[in-house]
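*Asks:* Supplied in structure tokens, the structure appears directly below.
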There are 2 protein chains.
Amino acid sequence: MNNFSIALHGGAGTILREQMTPELEGSYLEGLRLALESGYTILKNGGSSLDAVEMAVASLEDNILFNAGRGSVFNSNGLHEMDAAIMDGKTLGAGAVAGVKNIANPVKLAKLIMKNSEHVMLCGQGALDFAISQQLPLENEEYFYSQLRYDQWQAVCNTDNFVLDHNDPNKNSMQDKKFGTVGAVAMDQSGNLAAATSTGGMTNKKYGRIGDSPVIGCGTYANNNTCAISCTGHGEPFIKAVAAYDVSCLMEYKGMSLEQAMNEVVNVKLINIQGEGGMIGVDRHGNSAMIFNSAGMYRASNNRDNKMEIGIYK
Amino acid sequence: MNNFSIALHGGAGTILREQMTPELEGSYLEGLRLALESGYTILKNGGSSLDAVEMAVASLEDNILFNAGRGSVFNSNGLHEMDAAIMDGKTLGAGAVAGVKNIANPVKLAKLIMKNSEHVMLCGQGALDFAISQQLPLENEEYFYSQLRYDQWQAVCNTDNFVLDHNDPNKNSMQDKKFGTVGAVAMDQSGNLAAATSTGGMTNKKYGRIGDSPVIGCGTYANNNTCAISCTGHGEPFIKAVAAYDVSCLMEYKGMSLEQAMNEVVNVKLINIQGEGGMIGVDRHGNSAMIFNSAGMYRASNNRDNKMEIGIYK
């Protein structure tokens with residue numbers, strides 16, 4: 001048995017086996033495995049859950065397949081505007097960034113906001129200025145470019161539609177939803193919990209839109225007394241449901257287990273308000289859960305039973 | 001007895017009788033009374049709680065004494081950057097705006113985002129563009145100007161300090177804290193709850209900083225099953241505590257009354273993380289509560305007992 005635990009996701013939605021090629025599926029699984037390993041190694045070596053979730057999320061941000069950091073979708077202005085958050089379950093310290101450009105790893109900026117600013121949440125140019133003051137390296141627009149994302153955007157950029165992650169542009173976006181977000185949660189050997197989430201948002205989204213990912217309590221939450229949670233899905237219902245903190249409250253106030261609480265939020269409360277997506281969680285005992293109400297969720301975990309699980313479909 | 005209820009606040013902090021002139025105190029009380037009346041009249045005439053909290057908050061935004069809308073503080077760039085949110089307890093519909101300039105009534109923009117956009121939260125230029133598309137009238141920088149706010153900013157604008165609302169610039173800002181935010185909560189004759197919050201933030205704040213006011217679950221929350229809450233205080237701890245939604249969870253999952261739950265959050269949980277400030281709430285039975293752990297909170301209410309209460313100090 002491990003005295004640590006990690007779980008991560010790379011987005012949820014209408015991810016169907018029949019729409020996937022073996023090569024693409026292999027690339028996704030390899031990306032999930034690499035991210036899991038980067039966090040797992042930190043935890044195994046006695047590192048903090050905060051560092052583990054940061055590095056696991058950064059690995060997914062660096063992977064062009066996932067809609068976060070490099071490979072983020074295009075917004076309605078043809079730019080990449082990213083959101084991220086991180087939370088430390090030991091101190092309830094939190095950092096979040098919304099609508100930031102030119103940052104390779106928004107999760108690292110979120111951690112710097114948590115550690116080195118007096119604020120929790122910064123957005124836009126103010127967030128970029130803070131990144132520069134922290135010597136975080138910047139990247140130009142080309143770094144974030146991918147042909148796939150560009151083609152997706154071109155298909156809808158003269159319309160009012162927005163598309164949820166890497167849909168087939170020939171399909172109705174409301175029937176073929178993929179929510180591009182990445183996230184990680186972990187418990188380290190000291191029993192400290194942490195959560196992090198990062199996203200490029202929705203293709204052709206109106207710029208300035210903030211989803212649930214950087215909203216503490218909604219897309220991201222961690223508390224040593226209960227759990228660490230990172231969400232992926234249609235951001236607006238996840239905000240209205242205050243989804244991540246609701247799991248924590250159901251555990252703390254109603255005595256539910258992590259899995260019971262996540263099931264209640266994902267499969268009852270979110271469904272009641274058309275909230276499609278899922279979430280990953282770990283509790284303070286090192287249990288993990290990965291629960292979604294959509295067709296699929298890119299996910300991986302290695303919990304206290306030292307059982308590695310990597311999956312895409314239901 | 002009334003079958004409706006309303007409460008509002010105009011900020012909390014180190015508000016001491018000995019620092020107030022009789023004239024200024026009278027102006028504050030009159031501003032609170034006018035705002036209360038504007039919401040009360042709507043409720044009495046059968047209007048919705050959503051309209052009542054919007055109009056009560058707009059009244060406080062229009063009043064140059066309160067740090068929201070007109071009379072907002074200056075940020076580190078010498079501009080006014082405002083946040084607001086509104087939530088409908090019947091549908092869990094929510095709208096929020098962060099870091100917006102030139103909008104006389106950010107609460108009205110938040111309501112338009114809730115009603116007419118597919119998003120919950122918009123920030124910066126994207127929010128302004130949406131406001132223009134909705135024909136919301138804009139105001140130039142002078143509209144937001146007040147000599148008091150300008151003098152406050154001048155006292156700290158070449159420093160890294162930020163000041164919480166209208167502190168005495170000669171005092172240490174950490175010893176004399178005032179949290180400039182306005183908010184309202186209401187239950188209407190149909191039993192529907194609503195909450196709204198609006199703020200100009202902190203004097204000399206780094207631009208791009210988002211406090212708790214526009215964060216659904218943190219500064220603002222409404223749910224017909226439990227309560228409507230609007231917070232005022234040091235935004236960062238209120239975000240970490242997911243303060244507004246925590247009240248709702250303590251009521252729903254632990255069976256606490258509105259007042260018990262607000263006491264637990266304001267006087268126990270927030271104090272544990274140095275979270276100074278307060279909140280107002282109404283529940284689905286029309287009870288109201290106004291609770292703060294600071295020296296004072298500008299506040300007013302008229303609940304189901306038809307008892308009007310207007311106060312500043314403890």
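*Asks:* Any idea what the residue A:45 label distances to the other copies are, label 7 Å down the Cα→Cβ vector, nm, shortest first?
*Replies:* Inter-copy label distances (nm, one decimal, shortest first): 6.8.
*Asks:* Distance between the C-alpha centers of region A:1-55 and region B:1-55? Whole Å please.
*Replies:* Measuring centre to centre over Cα atoms gives 51 Å.
*Asks:* Ok, one more. Could you give the distance between the Cα centres of region B:98-156 and region A:271-314, to the whole Å?
*Replies:* 39 Å
*Asks:* Here is a further query. Go through A:130, A:227, A:279 and say which Cα lies farthest out towards the positive end of the charge dipole of chain A; charges sit on Cβ, +1 for Lys and Arg, -1 for Asp and Glu.
*Replies:* The listed residue farthest towards the positive side: A:227.
*Asks:* If you don't mind, there's one more thing I want to ask. So which of A:108/A:205; A:240/B:307; A:44/A:205; A:269/B:206; A:240/B:254; A:115/B:314 end up more than 28 Å apart by C-alpha?
*Replies:* A:240/B:307; A:44/A:205; A:269/B:206; A:115/B:314
*Asks:* Which ³J(HN,Hα) values in Hz, rounded to whole numbers, follow from the phi angles of region A:185-194 under the Karplus curve 6.51 cos²θ - 1.76 cosθ + 1.60, where θ = phi - 60° and Gly and Pro get x?
*Replies:* 9, 7, 10, 9, 5, 8, x, 7, 9, 8
*Asks:* Okay, next question. With every protein chain kept in place and ligands, DNA and RNA left out, what is the accessible area per residue of region A:5-308? Probe 1.4 Å, answer in Å².
*Replies:* Each residue of region A:5-308 exposes 33 Å² on average to a 1.4 Å probe.
*Asks:* Relative contact order of region B:5-308: what whole-number percent is it, with Cα pairs under 8 angstrom and at least 6 residues apart?
*Replies:* Reported relative contact order: 26 percent.
*Asks:* Turning to a different aspect of this structure: Per the helix-only calculation at 222 nm, which mean residue ellipticity applies to chain A, given -39500 (n - 2.57) for every DSSP H run of n ≥ 4 and division by its residues, nearest 500 deg cm²/dmol?
*Replies:* About -9500 deg cm²/dmol.
*Asks:* Per residue of A:183-194, how many C-beta atoms from partner chains lie within 10 Å of its own C-beta, taken as a mean?
*Replies:* 0
*Asks:* Follow-up. Reachable aspartates and glutamates from residue B:111, Cα under 16 Å, same-chain residues fewer than 8 places away excluded?
*Replies:* Within reach: A:236, B:51, B:54, B:61, B:83, B:88, B:129.
*Asks:* Follow-up question, since we're still on this one. Between residue B:118 and the same site in the other copies, what are the distances in nm, shortest first, taking label points 7 Å from Cα along the C-beta direction?
*Replies:* 4.0
*Asks:* Please build a GNM for chain B, connecting alpha carbons under 10 Å apart, and tell me which residue among B:289, B:98, B:84 fluctuates the most.
*Replies:* B:289
*Asks:* Compare each residue of region A:105-136 in its chain alone against the assembly with all protein chains, and report those whose accessible area goes down by 10 Å² or more; 1.4 Å probe, heavy atoms.
*Replies:* Output list: A:118, A:119, A:120, A:121, A:122, A:123, A:125, A:126, A:129.
*Asks:* Counting partner chain Cβ atoms within 10 Å of every residue's Cβ in B:197-209, what's the average?
*Replies:* Mean shielding count: 4.
*Asks:* A further question follows. A drop of at least 30 square angstrom in accessible area, chain alone versus all protein chains together, probe 1.4 Å. Which residues of region B:225-263 meet that?
*Replies:* B:236, B:239, B:240, B:242, B:245, B:253, B:254
*Asks:* Looking at region B:42-105, which GluC sites (Glu not before Pro) are in a loop (DSSP not H, G, I, E or B) and have at most 13 other Cβ atoms within 10 Å?
*Replies:* none
*Asks:* So, in nm, how far is label residue B:16 from label residue B:129 when the simple model puts each one 7 Å beyond its Cα toward the Cβ?
*Replies:* With each label point 7 Å from Cα toward Cβ, the separation is 4.9 nm.
*Asks:* Give the average, rounded to an integer, of partner chain Cβ atoms located within 10 angstrom of each Cβ in A:70-77.
*Replies:* Partner-chain Cβ atoms within 10 Å, mean over residues of A:70-77: 1.
*Asks:* Given the options A:30, A:264, A:142, which has the most mean-square fluctuation in a GNM of chain A, springs set between C-alpha atoms less than 10 angstrom apart?
*Replies:* With Cα springs under 10 Å in chain A, the top fluctuation among A:30, A:264, A:142 is at A:142.
*Asks:* Follow-up. Ignoring ligands, DNA and RNA, how much accessible area is buried between chains A and B, both sides summed, with a 1.4 Å probe, to the nearest 100 Å²?
*Replies:* For chain A against chain B, roughly 3400 Å² becomes buried.
*Asks:* Sticking with this structure for a sec: Hey, can you rank B:22-29, B:299-306 by average C-beta count inside 10 Å, highest first?
*Replies:* B:299-306, B:22-29
*Asks:* Could I ask something else about it? Roughly to the nearest percent, how much of the accessible area of region A:164-314 is carbon and sulfur, given a 1.4 Å probe?
*Replies:* After summing per-atom areas, the C and S share lands at 41 percent.
*Asks:* Here is a further query. Give me the number: length gained by fully extending residue A:45 to residue A:79, i.e. 0.36 nm times residue separation minus the C-alpha to C-alpha distance, one decimal in nm.
*Replies:* 8.4 nm
The values are calculated or read from the model by the stated rules, or taken from the named source; none is laboratory data. Model, not experiment: these values are computed from the prediction. When we count neighbours, we look across all protein chains shown, and the Cβ atoms used for this are built from the backbone with ideal geometry, even at glycine. Keep in mind that these areas ignore ligands, DNA and RNA; they rest on the heavy atoms of the full protein, side chains included. Shrake-Rupley method; radii C 1.70, N 1.55, O 1.52, S 1.80 Å.
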